[in-house]
């Protein structure tokens, strides 16, 4: 099956050997996004609210580069530095979806890239 690399300057450039997203068939697989400001190596994380919004904006930009939006997301994975952050992240995350929510898991991990508090990956379908 053919795959198409999706990269946009409107989301942070990968900081390792991966792409922002891969489209194969009608499925889009988005790599985990953290609160990096697009075009820089600057974190947008003055507080958890700002950090979570930046992660969601980065995901939104990648979806748009594939001519998709949050309504087409079928699965997400949220990684947190501490499960005590769940309530705040969950509230912000939920505001980006209209109607039905995708399937999801949320896990607390020992560490995340650049010591951020939240990283989110997504799978979307056309």
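Key figures
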{"quantity": "Computed FRET value (nearest 0.05) for residue 105 with residue 13, which takes r as the C-beta separation and R₀ as 30 Å", "calculated": "0.65"}
{"quantity": "Long-range Cα-Cα pairs in the chain (distance over 20 Å), rounded percent", "calculated": "38 percent"}
{"quantity": "Mean Cβ neighbour count within 10 Å, used as a protection proxy, ranking 26-32, 1-7 highest first", "calculated": "26-32, 1-7"}
{"quantity": "Extension gain from residue 27 to residue 53, taking 0.36 nm per residue of separation minus the Cα-Cα distance", "calculated": "6.9 nm"}
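Read-outs throughout are calculated quantities, based only on the coordinates presented, and are distinct from any laboratory measurement. Just so you know, these numbers come straight off a predicted model, no measurement behind them. Counting neighbours? That spans all protein chains shown, and the Cβs are built from the backbone with ideal geometry, glycine included.
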